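So the structure is just underneath, and the comments pick up after that.
The values are calculated or read from the model by the stated rules, or taken from the named source; none is laboratory data. The structure displayed is predicted, hence computed values, not measured ones. When we count neighbours, we look across all protein chains shown, and the Cβ atoms used for this are built from the backbone with ideal geometry, even at glycine. Heads up: the accessible areas ignore ligands, DNA and RNA and are worked out on the full protein's heavy atoms, side chains in. Shrake-Rupley method; radii C 1.70, N 1.55, O 1.52, S 1.80 Å.
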Amino acid sequence: MKGLIRILQILYTVYAMLMFSLLMLFVIPFALITALLDNRKGGILIYGACKVWAILWYTLLGFRYKESYLGTHDKKKPYIFVANHSSYLDIPQLMRCMHQPVRVLGKAELSKIPLFGIIYRAAVVSVHRDSIQSKVASMLRLRKVLKEGISIFIFPEGGFNETQQPLARFYDGAFKMAIETQTAIKPILFLDTANRIPQKSLFRMSPGKCRTLYLPEIDITGYDLKQVAALKEKVFTEMEKALINYKK
């Protein structure tokens, strides 16, 4: 029985990857057009196309998407979104859950993936994490994005959470930027992505629920750069508490 289940998982994963690639062909023309548009219009176009792609892909794979909110959420207000990162599905999930202009900070290495890389370069502010110069350049670009009224999205853990804890420790970047730009932080939790696509075994994909939980925004009024650690810890604590509670 276990052998049959394993074969079905492999076949399901191959099907998922095939659909992923075929649907991506729909997005590529929009990614190319963004080069002709300004930052805001280009972002709306590429993220709109990616959202349609994500909806179709989730439907074909039997991923049951659900969105919940704790507190109010202003879709017209720019935020610094921060989310937990535990699965390859987190990127499609963020495309699925965003309802306002946004730019994502992501690893530059992913831009080398065939087909996907074309879309990735159009949608993401990329950074080489081992390059200080690249980090500085990406942060400057994100600040410019915020000034244009566009939200930004950062995984503060920096990469996959490979610890045995609900969250890996956060980097300072998102919280320092929040204070410097006086932009509220909006934590988001992806509750089931690691169950749908386990990070250690792509070929153990499975259909099922995919929940996104929006937590209340965290106002940064009163914080200064000496309190980056305190703000980071506050956000970490709120996210960890909710993650433990909703995963029970």
Failed item in (1) open to solvent by less than 40 Å² (accessible area, probe 1.4 Å); (2) within 16 Å of Met19 (Cα to Cα), with Tyr88 passing the rest: (1)
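Residues that are over 23 Å from Gly173 (Cα atoms), crowded, with 19+ Cβ neighbours inside 10 Å, of a type outside the set (Lys, Arg) and in contact (Cβ under 8 Å) with a residue 12 or more places away in the chain: does region 63-72 have at least one?
Step one: of region 63-72, the residues over 23 Å from Gly173 (Cα atoms) are 63-72.
Cutting the leftovers down to crowded, with 19+ Cβ neighbours inside 10 Å gives us 63.
Checking which are of a type outside the set (Lys, Arg) leaves us with 63.
Those left that are additionally in contact (Cβ under 8 Å) with a residue 12 or more places away in the chain: 63.
Yes, region 63-72 contains a residue that is over 23 Å from Gly173 (Cα atoms), crowded, with 19+ Cβ neighbours inside 10 Å, of a type outside the set (Lys, Arg) and in contact (Cβ under 8 Å) with a residue 12 or more places away in the chain.
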Please indicate, with yes or no, whether at least one residue in region 100-111 is in contact with a helix residue (DSSP H, G or I) (Cβ under 6 Å, 6 or more places away or on another chain) and surrounded by fewer than 19 Cβ atoms within 10 Å (Cβ to Cβ). yes
Based on what the data block shows, is Ser206 open to solvent by less than 50 Å² (accessible area, probe 1.4 Å) and free of Cβ contacts under 8 Å to residues at least 40 places away in the same chain? no
Being hydroxyl-bearing (Ser, Thr, Tyr) and either surrounded by fewer than 18 Cβ atoms within 10 Å (Cβ to Cβ) or under 25 Å from Lys76 (Cβ atoms) (or both) is the filter here; which residues of region 133-150 pass it? Ser134
Return the pairs, sorted by first residue and then second, in which the second residue is modelled with pLDDT under 90, the first residue lies in region 22-37 and is more than 17 Å from Leu60 (Cα to Cα), the beta carbons are less than 6 Å apart, and the residues are 6+ apart or on different chains. Ile28/Ile118; Ala31/Ile118; Ala31/Ile119; Ala31/Ala122; Thr34/Gly42; Thr34/Ala122
Within region 116-132, is even one residue in contact (Cβ under 8 Å) with a residue 60 or more places away in the chain and open to solvent by 40 Å² or more (accessible area, probe 1.4 Å)? yes
Subset of region 22-43, residues modelled with pLDDT of 90 or more and either among the aliphatic types (A, V, I, L, M) or loosely packed, with under 12 Cβ neighbours inside 10 Å (or both), comes to Leu22, Leu23, Met24, Leu25, Val27, Ile28, Pro29, Ala31, Leu32, Ile33
